[in-house]
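Following: one structure in structure tokens, then a few remarks.
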Amino acid sequence: MASSETAPSETKEPRETNTDLAGLEAGLDALESQGTTERTPVGKIILTKVLPPFVAIGLVLLVWQIAYWSDVQPDYLLPSPGDVGSVFQDMWREGTLFEYIWTSISRGILGFLIAICVGTPLGLLVARVKLVRAAIGPVLTGLQSLPSIAWVPAAIIWFGLTNGTIYAVVLLGAVPSIANGIVAGVDQIPPLYLRAGRTLGARGLTSVRHVLLPAALPGYLAGLKQGWAFSWRSLMAAELIVHSPDLGTGLGQLMENYRTMQNMSGVLATIILILVVGVAIDLLFFSPLERRVLRSRGLLARTL
């Protein structure tokens, strides 16, 4: 009789525990689904994300116009926003605006893709082999802090006034950033992930593909974003010095042409174009990709 009386009490506690866990899981699921279904109103998006940049641009233009009216500098040194705008209009009418932009963007993208192919395996090698890290790690950090324009004279000696010089400068500027980014990402991987991967048989390239790269993706993506910034800066530095009729005219070459003609309106217009392209690449590609990766890891709340 004693055994028959104690049997129900022994099974009752696990059932209650399972019920509590199921209820807790259902509550968490409901909370998560509620967070993913709520949408930020369009008016709030416009107010918090769209309006502030336009206000900032308007303030910059206002200060610029006031400085022009105040004769802080002569007109040929400090043109008005309208003078700079007329340069854009001239390039638009001549049909050369997008030609200049595309020449630089195509070079930058190609150089950046080559830098990814070089910097990614180099970063993995430095991250996983202690001897290589001790030998190359400080060199990569030093190269990352070296101004890109310092490579231009050497690249001209090596490759002459060709596209090879431009791509060499872009690679030397971008590869260290990409490699250091993936090193930082790999260093942040919890050791448990690596042990779990080895337990499941992930070794060699399989471990790199299915464990290292996915786990290091946030850090790797930050390195890619910084690598593109260095690629764009390096490209502009190379185009400022390496220009030839056979190379076509990029934004850096265009700015140097305006400088030669002492056309400050053209110089400022080109600077604005360089800035706009850099910001556009970040907003249209890297920022959405970064948000998607962080959201998939649970590191960013889904608010939109």
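The values are calculated or read from the model by the stated rules, or taken from the named source; none is laboratory data. This is a predicted model, so every value here is computed, not measured. For neighbour counting, all protein chains shown are included, and Cβ atoms are generated from backbone atoms with ideal geometry for every residue, glycine included.
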In this structure, is I241 within 29 Å of L77 (Cβ to Cβ), modelled with pLDDT under 90 and either basic (K, R) or surrounded by 14 or more Cβ atoms within 10 Å (Cβ to Cβ) (or both)?
yes
Working only within region 162-199, note down all residues that are modelled with pLDDT under 80 and either within 17 Å of S234 (Cα to Cα) or among the β-branched types (V, I, T) (or both).
V186, I189, T199
Every residue from region 230-252 that is over 16 Å from the mean Cα position of the chain (by Cα), assigned to a helix (DSSP H, G or I) and within 18 Å of V277 (Cβ to Cβ)
M236, A237, A238, E239, L240, L251, G252
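To keep it simple, each residue is scored yes or no on (1) in contact (Cβ under 8 Å) with a residue 24 or more places away in the chain; (2) in contact with a Phe, Trp or Tyr (Cβ under 6 Å, 6 or more places away or on another chain); (3) of a type in the set (S, T, N, Q).
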{"site": "G58", "(1), (2), (3)": "no, no, no"}
{"site": "S86", "(1), (2), (3)": "yes, no, yes"}
{"site": "I109", "(1), (2), (3)": "no, no, no"}
{"site": "G137", "(1), (2), (3)": "yes, no, no"}
Say whether the condition of being among the hydroxyl-bearing types (S, T, Y), surrounded by 12 or more Cβ atoms within 10 Å (Cβ to Cβ) and over 29 Å from W228 (Cα atoms) is met by at least one residue in region 99-119.
no
Identify all residues within region 118-141 that are under 17 Å from L213 (Cβ atoms), part of a helix (DSSP H, G or I) and of a type outside the set (G, A, S); write none if there are none.
V118, T120, P121, L122, L124, L125, V126, R128
Can you find a residue in region 63-79 that is among the hydroxyl-bearing types (S, T, Y), in contact with a helix residue (DSSP H, G or I) (Cβ under 6 Å, 6 or more places away or on another chain) and either under 30 Å from I182 (Cα atoms) or surrounded by 15 or more Cβ atoms within 10 Å (Cβ to Cβ) (or both)?
no
Determine if region 266-274 includes at least one residue that is at pLDDT below 90, among the hydroxyl-bearing types (S, T, Y) and in a helix (DSSP H, G or I).
no
